Amino acid sequence: MFFILSLGPILHFNGIITKNVEGLNYVIPLPYILIMNIPIISIARVPARWDVLVMLSLAVLAGYGLHYIFSKYDGQSFRNISKNNVIGVILAAIIIFEFLAIPFPMSNTTTTIPVFYNQIANDTDNYAILEIANKYDIADLMYYQTIHNKKLVNGYASRTPESATKFMTSTPMITQLLSPSDSLIPEGDIMAQNLTDVGSSILSYYDIRYVVLHAARISDKQLNYKNTLLQESITQEPQRFKNDNIIVYKVENVPRKSFILLNEGWYGIENASGTPKRWMNSNATMLFYSDQNRTTTLSMEVSSFYRPRTLDISVADQRELHVTVPTEFVMITLPFDLHKGENIIRFNTPDSCQKPSAIPEVNSPDSRCLSIAVQNITFS
């Protein structure tokens, strides 16, 4: 049974999956096609992992076979040597021969460590590195980490935590630099802030000291965009390692400017008639880093999903704004005081969120729980 499942959803024979009969292409479906999307079973992801259970089953069958052979020759000897001992030695020799690897295969490629990673290996400071490359081509970059021992913003994990994914897809500057798509992400996101002005401050806030641009691992369009963004954000001239085809930007250690970050509760960026917008869950937070104590006014456009909702906005223990949000975008404003450093702004809708897929008349497969859409956030 496990052997059949290990063959996958469609039968392959000698690399061929279709058979042409009188101009029609036929395929032979297998049982795995019925269970491949069932929860828990689908976590195997690839049918080849059923091979483990195939081998386990074969081991049990081999045990039965050995039991039969040893039982048949039990008590018999050959020149005063137990036949079972002889059989055991022969079988062990066959197993050893099967797994014998002479000469043992070794990689004939010399691994060269780029000069930059050797340079920072002697740096005892604790900071992070942002590697800009194709996310499926970073195995060697993680190997280099064993040399320099610095934190990586975008290493690889088989089960990436949701918080890490959201960080990389909703943090200004980080999102633009790590986006694998040639569709360029709006620089301001839903906040009206100039990335070239605050980008270096955002990187510094997360203790990212170096941004390493791997020129050969991204498209020309992405390279030009990200290189330009970094040049305008980080005024210090980058180091160029031509032999390794990398460009290294060092984030300046200068006083941070004010900037805005999205925290918890926000979904991915969308395009609303040319304007970036994001939906929030029932609760969401936003961080305003202020370079000084100041009084400001928050302005933003909001709309409610499917039906009007109440939106509560608060900053620390200061006054709250309670407003009823219609299903069309409206502008709301809230004045409040900011202290120097981090300020958390909280958004909450007591009317809860709704899933579009759960509302028949909406006729949408979207399973996100939506409440309020937000765009054009500004502070003045």
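The values are calculated or read from the model by the stated rules, or taken from the named source; none is laboratory data. Since the structure is predicted, the reported quantities are computational estimates derived from the model, not experimental observations. FYI the Cβ positions are ideal-geometry reconstructions off the backbone, even for glycines, and counts take in every protein chain you see.
Overview of results
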| item | result |
| --- | --- |
| Enumerated helices (runs of 4 or more DSSP H) restricted to region 1-117, each holding at least 1 residues that are among the acidic types (Asp, Glu), under 33 Å from the mean Cα position of the chain (by Cα) and at pLDDT 90 or above | 51-72 |
| Residue check for ASP337: out of contact with any Gly (no Cβ under 9 Å at 6 or more places or on another chain), among the acidic types (Asp, Glu), more than 30 Å from GLN119 (Cα to Cα) and in contact (Cβ under 8 Å) with a residue 24 or more places away in the chain | yes |
| Selection status of THR228, surrounded by fewer than 17 Cβ atoms within 10 Å (Cβ to Cβ), part of a loop (DSSP other than H, G, I, E, B) and not assigned by TED's automatic domain parsing to the domain that holds PHE288 | no |
| Any pair with Cβ under 7 angstrom, 6 or more apart, that starts in region 158-180 at a residue that is in the same structural domain as LEU195 (by TED's automatic domain parsing) and ends at one that is basic (Lys, Arg) and modelled with pLDDT of 85 or more | LEU177/LYS226 |
| Selection from region 206-238 of residues that are in contact (Cβ under 8 Å) with a residue 60 or more places away in the chain, farther than 20 Å from ASN149 by Cα and not β-branched (Val, Ile, Thr) | ARG217, LYS226, SER233 |
| Candidates THR196, THR235, filtered to the one that is part of a helix (DSSP H, G or I) and either modelled with pLDDT under 90 or not assigned by TED's automatic domain parsing to the domain that holds ILE129 (or both) | THR196 |
